[in-house]
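Below is one structure, written out as structure tokens; the observations come after it.
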Amino acid sequence: MKIGFPIEPEGMGGTRTWVKNFSDYCIKKGHEVYFSHNDIVDLFITLAYYSDPYQLLKIKKRGTKVLYRMDGIYYDFLSEKKLVRKYNKTIATAMRLSDKIIYQSNFSRVMASQLFNGRELPGVVVYNGADKNIFKEKGKILDRPKDKKIILSIAFWGTPLMADYSIRTIIDIAKQLVHRNDLEFWILGYAYPPQEQLIKKANLPNITWYDLRTSIPREKMPEYIRTADLILHTRPNDACSNLIIEAMNVGKPIVGLNLGSTPELLGDAGLRGECEPSFEHFPVVDISSMADKVLQTFDNYDYYKSKIVERSKMFTLENMCNNYFIEIEKLLKKG
């Protein structure tokens, strides 16, 4: 089978990570893979705003089936309104033109419905997965203090406003727990100078390592996750967090927000802080609730570790790719 994608897999962010993982799997299974709108393929998988209507119509005229992988949409409170509307219009049109939609989560389906006045377009849910050959419990770790518990937040932090929100939330949680001398916070991954200045200005003794100038290579992520004791995830309205799924497969307990896809990913295997859901503005996080969930997780650490290891079996790369190919075969059989 010949399979096309609109972008090359190199680069930062969850979208390109998914293209990399899935295209590598396709090649491993003997399929031919292309990264442009111009190649003659049997199936074209588009995503985000990377294909405009003209490109998709041209592809469909060749008799190629189009699958849209639905991640999320863009919000006015995250970026410049004119740009947000342009991107969302491109996404909505691509979804309408596609022969099949695969949502990353049930929450992703709800997000997408905001583009259609609350109407959900038909599609199936296939969760992301992590490569168990890379994201595994045993392996190299970084140097770390032996007498501290490390709370790690690590990401490509997204747009400046998204990064600002997520990192301010971590700082506020660290402030709530500053009296705990046994806890350290690490905040790593690529963001922007103003966000690093936020951490520096807070000057908290329990934020012991931060670096928002250096992106973390995908192959190095397991080392960071394995080194930590707990993963703290503060990104709101996440469609299907790669970090959560990767941490699950490494066997690390997670504390996240009680919104977005996080509840359906974690189930009862991880605790979530209270947070007011919103698509109109940044959700308001209950910082005390988040801090309490961190402490509860450490108080019941072995329990949550065993629960997360068991739940990780749902979110492997093999499961994800197999489920995609089930839907791809159905689509191509329709003719």
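Can you give the extra length, in nm with one decimal, that the chain gains between Lys138 and Leu332 once fully stretched, where that is 0.36 nm per residue apart less the Cα-Cα distance?
Full extension of this stretch gives 65.8 nm more.
Quick one: give the max-minus-min coordinate of the C-alpha atoms of region 119-268 along each principal axis, largest first, in Å.
Cα spread of region 119-268 along its principal axes, largest to smallest: 49, 36, 29 Å.
Once the other residues with Cβ under 9 Å from the Cβ of Pro9 are scored (Lys, Arg +1; Asp, Glu -1), what is the net sum? Before the final figure, lay out the partial values.
On the way: positive: Arg16, Lys20; negative: Glu8, Glu10, Asp24.
Neighbourhood net charge equals -1.
I'd like the GluC sites (Glu not before Pro) in region 202-296 restricted to DSSP loop residues with at most 14 other Cβ atoms within 10 Å, sorted by number.
Here the sparse-neighbourhood loop sites are Glu280.
How many Å² of accessible area per residue for the chain, probe 1.4 Å? Each step should come with its number before you reach the end.
Details: 15190 Å² over 335 residues.
Per residue, the chain has an accessible area of 45 Å².
DSSP loop chymotrypsin sites (Phe, Trp or Tyr not before Pro) in region 15-75 with at most 16 other Cβ atoms within 10 Å of their Cβ, which ones?
Hits after loop and neighbour filter: Tyr50.
Between Ile91, Leu188, Ser289, whose Cα lies farthest towards the positive end of the dipole of the chain when Lys and Arg beta carbons carry +1 and Asp and Glu beta carbons carry -1, centred on the Cα centre?
Ile91
Please return the longest range in the chain lying between exposed loop sites, taking trypsin sites (Lys or Arg not before Pro), DSSP loop only, at most 13 other beta-carbon atoms within 10 Å, and leaving the sites out. Walk me through the numbers on the way to the answer.
Numbers: sites that count: Lys29, Arg62, Arg119, Lys138, Lys140, Lys146, Arg213, Lys334.
In short, 214-333.
Taking the Cα centre of each part, how many Å lie between region 277-324 and region 95-160?
Using only Cα atoms to place each centre, the spacing works out to 11 Å.
Lys/Arg Cβ at +1, Asp/Glu Cβ at -1, dipole of the chain taken about the Cα centre: which of Gln104, Leu47, Ser79 is farthest positive-ward?
Among Gln104, Leu47, Ser79, the one farthest towards the positive end of the dipole of the chain is Leu47.
Using a simple charge model, +1 on the beta-carbon of Lys and Arg, -1 on the beta-carbon of Asp and Glu, nothing else, what dipole does the chain show about its Cα centre, in debye to the nearest 20? List each step's numbers first, then the result.
Details: 48 positive and 40 negative charges, 197 e Å.
Charge dipole, the chain, about its Cα centre: 940 debye, nearest 20.
For region 115-192, which GluC sites (Glu not before Pro) are in a loop by DSSP, counting at most 14 other Cβ atoms within 10 Å?
Passing sites in region 115-192 are Glu120.
Provide the descending list of Cα extents for the chain along its principal axes, expressed in whole angstroms.
Cα spread of the chain along its principal axes, largest to smallest: 64, 42, 33 Å.
The values are calculated or read from the model by the stated rules, or taken from the named source; none is laboratory data. All of these numbers come straight from a predicted model, not from anything done at the bench. All Cβ positions, glycine included, derive from the backbone under ideal geometry; neighbour counts span all protein chains shown. These accessible areas exclude ligands, DNA and RNA; they are computed on the full protein's heavy atoms, side chains included. Shrake-Rupley method; radii C 1.70, N 1.55, O 1.52, S 1.80 Å.
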